[in-house]
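Read through the structure below, which is laid out as structure tokens, and then see the notes.
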Amino acid sequence: MTDKLAKIDPETGEILLADNGLKSEDLKSVDKDISKILTKDKISFNDLKTIIWQKTKTTISNDDPIMILWVMMQSALEDHDKLLSKQRDQIIKVNSKNYDDFEIAVNRCMVEFREEILSEVAKDYSVEINNRFNSMQNLDISIKRQSKIFGIYTIINCASLLLSAAIFTAIFFIK
């Protein structure tokens, strides 16, 4: 291995200086090439060697201890991916059940709310119908009372007409 590594700003992660003959612009293009490699699902030995060579211009053999470390890290990442996959499945299962329970609760609330509204509307209409019915009964009673009064007035008018006719006839025929 060699000590010709680039210095990195610990706060920004930016490459500050490279003692290996690379200029800052070269390192930026190298970073773009490396980002293409890092977007793969799994980095191979050759990809790792390429990254190290592009960053440091250092060649690493397959029996280098860094490669053993890389294999250990890859194994840990694979185990971690399996654990995350199991957790994702459990979360989906729990969320699916929670969603189903939530959907059932919302539907139940909607039905209860609809029934409550309909019963309130029915009560309101029932009260209004009863009020109208009472008003109609009062009107009917009032009309019957007025009819009786009208009937009495009609009888009085007929009686006065008969009396007037009798008086007129008596005056006209008596003379």
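Quick rundown of the values:
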| read-out | value |
| --- | --- |
| Spin-label pair residue 156/residue 61, simplified geometry with 7 Å Cα→Cβ offset, distance in nm | 13.8 |
| Accessible surface, per residue, of the range 60-175 when the full set of protein chains is kept, probe 1.4 Å, Å² | 90 |
| Potential lengthening between residue 97 and residue 47 on full extension [0.36 nm per residue; Cα-Cα distance subtracted] | 13.7 nm |
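The values are calculated or read from the model by the stated rules, or taken from the named source; none is laboratory data. Fair warning: this is a prediction, and the values are worked out from it, not measured in the lab. Cβ: placed from backbone, ideal geometry, glycine included. Neighbour counts: every protein chain shown. Ligands, DNA and RNA are excluded from the accessible area calculation, which covers all protein heavy atoms including side chains. Shrake-Rupley method; radii C 1.70, N 1.55, O 1.52, S 1.80 Å.
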